[in-house]
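Data first, discussion second: the structure below is written as structure tokens.
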Amino acid sequence: MSGVLYLVATPIGNLDDITFRALSVLRSVDLVVYEERREGERLLRHFQIEKPVESLNEHNESAASYNILAHLKNGKSVALVSDCGTPVFSDPGQMLVRKAIEQKIKLVPIPGASSLMPALTVSGFSIDQFLFYGWLSPKKERRRAELKQLMQERRTIVLMDTPYRLVPLLRDLAETFADTRRVCVAFDLTMPDEQMFYGTATELHKKFSAKEIKGEFVIVIEGRRVERKR
């Protein structure tokens with residue numbers, strides 16, 4: 001009988017956000033698969049968990065998926081974790097999940113901390129419907145073209161990117177949206193220096209350009225308002 005593949009969400013910063021269920025699974029599985037060795041070892045060491053480990057990341061995803069599937073088909077239980085948050089969501093692992101589904105291996109998601117919902121709830125914008133656009137192109141011209149397309153979006157928009165691209169992204173937002181939309185930057189969520197910044201794209205670009213602030217972030221943009229005809 002095949003084993004079980006657990007997709008275990010881990011804290012996005014504050015390790016106190018780990019769930020009891022996540023700890024129980026990590027302690028019970030035969031193998032823990034993490035994205036990067038340093039982050040995976042730090043997590044397990046913090047909670048005094050000793051398990052055989054393997055890595056699965058963007059550089060070895062194909063070979064690692066093959067090896068992990070072999071463990072699962074031999075009846076081993078495996079926990080997949082990312083560097084932080086929910087595995088597979090904007091992280092490697094989708095290939096492994098697809099192959100596990102094809103081979104009828106049981107998948108069990110273990111929910112936990114996320115940056116997406118906290119950022120949405122503190123934005124103050126309508127979240128009845130929203131668009132998670134995720135990462136824009138790292139290339140400036142392509143990124144600006146994507147933002148121009150998003151100007152017509154009526155739903156609240158969620159963007160993510162790496163810490164070093166926050167100011168360039170806000171610059172492009174300011175050039176595209178100017179002062180037409182309200183924006184929220186949820187910064188270093190769950191961490192001691194967690195902050196929420198509110199304003200227009202222009203205002204926030206000036207604020208972050210003036211201060212050398214670097215950290216994890218989620219950007220939430222108000223959807224386009226539709227004026228009702230009278």
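Annotations for the structure displayed:
- For the range 172-196, residues that are hydroxyl-bearing (Ser, Thr, Tyr) and surrounded by 14 or more Cβ atoms within 10 Å (Cβ to Cβ) total 2.
- For residue 127, the criteria (1) touching a helix residue (DSSP H, G or I) at 6+ places or on another chain (Cβ under 7 Å); (2) more than 24 Å from residue 207 (Cα to Cα); (3) surrounded by fewer than 13 Cβ atoms within 10 Å (Cβ to Cβ) hold in every case but one, which is (3).
- Of the residues 50, 39, the single one that is outside any loop (DSSP other than H, G, I, E, B) and acidic (Asp, Glu) is 39.
- Being among the small types (Gly, Ala, Ser), modelled with pLDDT of 95 or more, over 16 Å from the mean Cα position of the chain (by Cα) and outside any loop (DSSP other than H, G, I, E, B) is a property that holds for residue 174.
Yes/no matrix, rows are residues, columns are (1) in contact with a Gly (Cβ under 9 Å, 6 or more places away or on another chain); (2) part of a loop (DSSP other than H, G, I, E, B); (3) at pLDDT 95 or above; (4) not assigned by TED's automatic domain parsing to the domain that holds residue 39:
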site	(1), (2), (3), (4)
54	no, no, no, no
82	yes, yes, no, no
90	yes, yes, no, no
101	no, no, yes, no
104	no, yes, yes, no
122	no, no, yes, yes
147	no, no, yes, yes
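- Answer residue from the range 177-186, given it is in contact with a Leu (Cβ under 9 Å, 6 or more places away or on another chain) and at pLDDT below 95 and is farthest from residue 15 (Cα to Cα) among those: 177
- Residue check for residue 119: surrounded by 18 or more Cβ atoms within 10 Å (Cβ to Cβ) and within 30 Å of residue 28 (Cα to Cα): no
- Residue among 35, 41 that is modelled with pLDDT under 95 and closer than 14 Å to residue 8 by Cα: 35
- On inspection, residue 75 fails the criterion of being surrounded by 13 or more Cβ atoms within 10 Å (Cβ to Cβ) and assigned to a loop (DSSP other than H, G, I, E, B).
- Taking (1) touching a residue at least 60 places away in the same chain (Cβ under 8 Å); (2) closer than 30 Å to residue 79 by Cβ in turn, residue 154 satisfies each apart from (2).
The values are calculated or read from the model by the stated rules, or taken from the named source; none is laboratory data. Computed from a prediction, not measured in an experiment: that's the story for all the values here. So basically every Cβ, Gly included, is an ideal-geometry build from the backbone, and we count neighbours across all protein chains shown.
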